[in-house]
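Visitor: Can you read through this structure? Questions will come right after.
Bear in mind that the values in this text are calculations on the coordinates, not laboratory data. Predicted, not measured: the structure shown is a model, and the values here were computed from it. Here the Cβ positions follow ideal geometry from the backbone for every residue, glycine too, while neighbour counts run over all protein chains shown.
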Amino acid sequence: MESRMFTVITTRRSTRRFKDTPVPEDLLRQVIEAGRYAPSGGNNQTTHFLVIRDENVKEKLAAQAEAAFASMEITPDTYKSLAGSIRASQKGGYVFHYHAPVLVLLANRKDYGNNMADCCCALENMAIMANALDLGSCYINQINWLREDPDMLSYLRELGLKENERVYASLALGYADTADGLPVREALPRKGNDVTWIG
Ligand SMILES: Cc1cc2nc3c(=O)[nH]c(=O)nc-3n(C[C@H](O)[C@H](O)[C@H](O)COP(=O)(O)O)c2cc1C
């Protein structure tokens, strides 16, 4: 028998078009708690969740990211998604968080070896929880790429990022902009992610 959990995991897909509808407080709290209950290296529990709903803050983050990416050069070694952000920023009108009603930044201590691993465990718990609650979500990497950018850092500190923290991952969250408001859930066939069974 296939468990409900397996279905929730395999039908989680990235949502990149969101309705303006706010995420109900009780659902948002469940998503955040799912992240807080993720495992952490040595049970450190140093992941810091910055939950952004304020439109002005989201706008300012998008503008700062656009300015930072627009000043970067693309070389043959530039990671293709980063090159995409640079190109879109140089063109203008780039909003990395897709205007999602909620943007959750996942920060951790910069001198802690499992900082990104812990943030990503939390992020995936939240993405799965979101799907279980009929909310769409998308992993957002742009603030991680700009985590040492001085202007971005100084703004994030105004928002509550601590001196020794950096942002390693983010999650856009909200109702999908589809006719029924549900995220597209068609499972993507796996072409990679090899499995070697031993024994
Ligand atoms: C480490 C990582 C970084 C990602 N960064 C972004 C991103 O910055 N923007 C975005 O739209 N999607 C991002 N994604 C989402 C992937 O593009 C997506 O998971 C992948 O294409 C598979 O599609 P699915 O999530 O619908 O199964 C990221 C995913 C991961 C795991």
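Visitor: Taking residue 41 as meeting all but one of (1) over 26 Å from residue 155 (Cβ atoms); (2) loosely packed, with under 14 Cβ neighbours inside 10 Å; (3) not aromatic (Phe, Trp, Tyr), write down the number of the exception.
Guide: Looking at each condition in turn, residue 41 falls short on (2).
Visitor: Picking from 67, 117, 88, which residue would you name as being part of a helix (DSSP H, G or I), of a type in the set (A, V, I, L, M, F, W, C) and away from the ligand (no atom under 16 Å from the Cβ)?
Guide: 67
Visitor: Kindly list the number of the only condition in (1) more than 11 Å from the ligand (Cβ to nearest atom); (2) buried (at least 17 other Cβ atoms within 10 Å of the Cβ) that fails for residue 145.
Guide: It fails just one condition, (1).
Visitor: Exactly one condition in (1) of a type in the set (Val, Ile, Thr); (2) out of contact with any Phe, Trp or Tyr (no Cβ under 8 Å at 6 or more places or on another chain); (3) free of Cβ contacts under 8 Å to residues at least 60 places away in the same chain; (4) closer than 14 Å to residue 143 by Cα is not met by residue 86; state its number.
Guide: Answer for residue 86: the failing condition is (2).
Visitor: Of 100, 127, 122, which residue is in contact with a strand residue (DSSP E or B) (Cβ under 8 Å, 6 or more places away or on another chain), closer than 16 Å to residue 13 by Cβ and either assigned to a helix (DSSP H, G or I) or among the polar types (S, T, N, Q) (or both)?
Guide: Unique residue meeting the criteria: 127.
Visitor: Hey, can you tell me all the residues within the range 154-193 that are within 12 Å of the ligand (Cβ to nearest atom) and either touching a Ser or Thr at 6+ places or on another chain (Cβ under 7 Å) or touching a residue at least 24 places away in the same chain (Cβ under 8 Å) (or both)? Write out each step before concluding.
Guide: Of the range 154-193, the ones within 12 Å of the ligand (Cβ to nearest atom) are 168-172, 176, 183-193.
Matches in the range 154-193: 168, 169, 170, 171, 172, 176, 183, 184, 185, 186, 187, 188.
Visitor: Among what's in the range 70-85 and is part of a loop (DSSP other than H, G, I, E, B) and among the polar types (S, T, N, Q), pick the residue that is farthest from residue 161 (Cα to Cα).
Guide: Selected residue: 75.
Visitor: Here's a follow-up. Is it true that residue 108 is surrounded by 17 or more Cβ atoms within 10 Å (Cβ to Cβ), outside any helix (DSSP H, G or I) and more than 10 Å from the ligand (Cβ to nearest atom)?
Guide: Criteria met by residue 108.
Visitor: Turning to a different aspect of this structure: Would you check if residue 61 is aliphatic (A, V, I, L, M), out of contact with any Asp or Glu (no Cβ under 9 Å at 6 or more places or on another chain) and within 14 Å of the ligand (Cβ to nearest atom)? Show your work before the answer.
Guide: On the way: aliphatic (A, V, I, L, M): yes; out of contact with any Asp or Glu (no Cβ under 9 Å at 6 or more places or on another chain): yes; within 14 Å of the ligand (Cβ to nearest atom): yes.
Yes.
Visitor: Still on this structure, I have one more. Just to be sure I understand, how many residues within the range 1-46 are within 16 Å of the ligand (Cβ to nearest atom), part of a loop (DSSP other than H, G, I, E, B) and not charged (D, E, K, R)?
Guide: 3
Visitor: Something else now. Considering only the range 90-105, how many residues are surrounded by fewer than 18 Cβ atoms within 10 Å (Cβ to Cβ) and of a type in the set (A, V, I, L, M, F, W, C)?
Guide: Looking only at that region, the number is 1.
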